[in-house]
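So the structure is just underneath, and the comments pick up after that.
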Amino acid sequence: MKNEDKYILGIETSCDETAAAIVKNGTEIVANVVASQIESHKRFGGVVPEIASRHHVEQITMVLEETFQKAGLTIDDMDAVTVTEGPGLVGALLIGVNTAKALAFAKNKPLVGVHHIAGHIYANRLFKEFTFPLLALVVSGGHTELIIMKEHGSYEVIGETRDDAAGEAYDKVARTLKLPYPGGPQIDKLSAEGETTIDFPRAWLEEGSFDFSFSGLKSSVINTLHNAEQRNETLRREDVAASFQASVVEVLTEKTYRAAKQFGVKQVLVAGGVAANKGLRAALESKFSIEDIDLVIPPLELCTDNAAMIAAAGTIAFEQGHRAEWDLNANPSLDLEKFGKRSKDS
Ligand code: KG4
Ligand code: ZN
């Protein structure tokens with residue numbers, strides 16, 4: 001262990017994964033442990049907040065112990081404790097925030113609150129170094145955003161969803177198709193076996209807008225299925241899945257491409273659970289293949305929620321001087337742009 005090396009602990013409990021990780025110098029994963037609760041939420045068709053909080057309480061100590069054990073390090077070796085402060089489920093976030101506070105207070109370590117979406121973006125840095133200016137497409141269960149970063153820790157949201165997030169649309173359409181939760185991977189799999197036989201709408205919105213809207217598409221899928229049922233027709237689930245995915249992927253890919261050209265970025269990062277989508281990955285790769293823009297899509301395990309991404313984003317906030325006080329609280333509606341500015345001002 002060199003003296004100048006920075007070891008940062010990350011803790012993530014914003015939704016249905018209890019996670020802890022240690023990242024070295026903001027770029028290298030030393031240990032990364034994720035305990036998923038998906039099995040417990042499956043029978044309810046979605047995440048039940050009370051169940052999520054209870055699981056986090058049960059899991060967090062073991063997840064932390066496993067993280068330190070795998071790394072061969074202790075809390076004394078850490079330079080800072082970083083934790084997802086928001087957005088997310090308030091009761092779930094509180095478990096991580098209070099655990100981080102207890103550890104930092106007991107061991108007199110700096111405490112840093114991290115924005116969950118900044119984490120998703122920084123998952124890419126565990127895989128590839130950033131080149132600014134860059135554009136990040138964040139597509140998760142709760143977020144669909146296009147973000148410009150001119151430097152580390154600075155976030156400018158140029159487009160966001162006006163209704164459902166991309167992952168949320170996937171999960172809702174999957175439920176209508178009677179597929180288990182979480183629906184994204186299921187639809188992705190079915191799509192590969194289907195044809196795009198149904199022409200679902202594409203919400204381009206106003207000329208030049210980088211915003212998204214997926215609720216019209218979701219309603220169109222639901223209506224198409226109901227109409228077919230009333231006419232006693234059966235639609236192939238694979239074709240419905242493929243047609244739905246084609247609409248989502250086309251809008252995401254096209255808007256990302258237009259934004260990348262308009263803002264003259266050097267790099268495009270894809271982040272969040274939906275970045276695991278095979279159709280989206282393939283469409284982006286083909287769209288950017290002839291461009292002099294570096295397209296970065298992290299490996300699947302870094303796309304979905306984990307704590308290494310929180311430690312990676314936390315490292316930058318820590319280096320930029322941000323410190324949380326002992327009154328740090330869960331903030332379910334934490335703003336990304338303000339989080340970035342706060343890191344710089346404090
Ligand atoms: O980032 P994430 O793990 O959690 C949030 O912060 O929301 O994203 C979870 C979302 C879920 O909606 C899930 O259905 C979706 O990501 N997802 C996918 C795929 N894998 C996960 N959506 C489409 N295709 C996939 N392969
Ligand atoms: Zn997430």
**Item:** Pairwise Cα inverse-distance average, inverted: Kirkwood Rh of segment 130-297 (Å)
**Value:** 16.3 Å
**Request:** Please give the length that would be gained between S219 and K338 if that part of the chain were fully extended, namely 0.36 nm times their separation in residues minus their C-alpha to C-alpha distance (nm, one decimal).
**Result:** 39.5 nm
**Prompt:** If you take the charge dipole of segment 44-192 about its Cα centre, with +1 on Lys and Arg Cβ and -1 on Asp and Glu Cβ, which of G86, L177, H120 is farthest toward its positive end?
**Reply:** L177
**Asked** Size of segment 144-216 along its principal axes in angstrom, Cα-based, largest extent first?
**Response** 42, 28, 21
**Prompt:** How about segment 261-300: which trypsin sites (Lys or Arg not before Pro) there are in a DSSP loop, with at most 15 other Cβ atoms within 10 Å of their Cβ?
**Reply:** K266
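Could you list, in their original order, any pairs among K128/K261; K178/K218; K6/K278 whose Cα atoms are separated by more than 26 Å?
K6/K278
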**Message:** I want to verify a result. In a Gaussian network model of the chain, Cα cutoff 10 Å, which of these has the top mean-square fluctuation: V251, V23, V34?
**Reply:** V251
**Request:** Mind computing the radius of gyration and Dmax over the alpha-carbon atoms of segment 55-135? Å is fine for both.
**Result:** 14.3, 42
**Request:** Can you tell me the 0 to 90 degree angle between the C-alpha axis of helix 215-230 and the longest principal axis of the chain, rounded to 10?
**Result:** 40 degrees
**Request:** For segment 137-181, build the convex hull from the C-alpha positions and give me its volume per residue in Å³.
**Result:** 68 Å³
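Given a 1.4 Å probe and every protein chain left where it sits, what share in percent of the accessible area of the chain is carbon and sulfur?
49 percent
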**Fill in**
Over all directions, segment 77-216 yields a Cα convex hull whose mean projected area in nm² is 11.8 nm²
**Item:** the chain - percent relative contact order, Cα under 8 Å, separation 6 or more
**Value:** 25 percent
**Item:** Probe 1.4 Å, protein heavy atoms only - accessible area per residue of segment 130-297 in square angstrom
**Value:** 44 Å²
**Request:** Among the lysines, select those whose C-alpha is under 16 Å from the C-alpha of K70, and discard any that sit fewer than 8 residues away in the same chain.
**Result:** K24
**Message:** I'd like the FRET efficiency for E325 and F127, computed as 1/(1 + (r/R0)^6) with the beta carbon distance as r and R0 of 30 Å, rounded to 0.05.
**Reply:** 0.40
**Request:** Can you pull the one-decimal nm distance between simple spin-label points at E65 and K150, each 7 Å off the Cα toward Cβ?
**Result:** 4.9 nm
**Message:** Would you report the distance distribution of C-alpha pairs in segment 184-276 as whole percents per 5 angstrom bin, up to the bin with the largest distance?
**Reply:** 2, 12, 19, 22, 18, 12, 8, 4, 2, 1, 0
**Request:** Determine ³J(HN,Hα), in whole Hz, for all residues of segment 59-75 in sequence, where each value follows from phi through the Karplus function 6.51 cos²θ - 1.76 cosθ + 1.60 and θ = phi - 60°; x replaces Gly and Pro.
**Result:** 8, 4, 5, 5, 4, 5, 4, 5, 4, 5, 4, 4, 7, x, 10, 10, 4
**Prompt:** For the chain, what is the convex hull volume of its Cα atoms per residue in Å³?
**Reply:** 130 Å³
**Asked** Going by alpha carbons, how many degrees (0 to 90, nearest 10) lie between the helix axis of 336-345 and the longest principal axis of the chain?
**Response** 20 degrees
**Prompt:** Measuring from centroid to centroid over Cα atoms, what is the spacing of segment 219-268 and segment 279-314 in Å?
**Reply:** 20 Å
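The values are calculated or read from the model by the stated rules, or taken from the named source; none is laboratory data. A quick note: this is a predicted structure, and the numbers were derived from the prediction, not measured. So basically every Cβ, Gly included, is an ideal-geometry build from the backbone, and we count neighbours across all protein chains shown. With ligands, DNA and RNA removed, areas are computed over all heavy atoms of the protein, side chains included. Shrake-Rupley method; radii C 1.70, N 1.55, O 1.52, S 1.80 Å.
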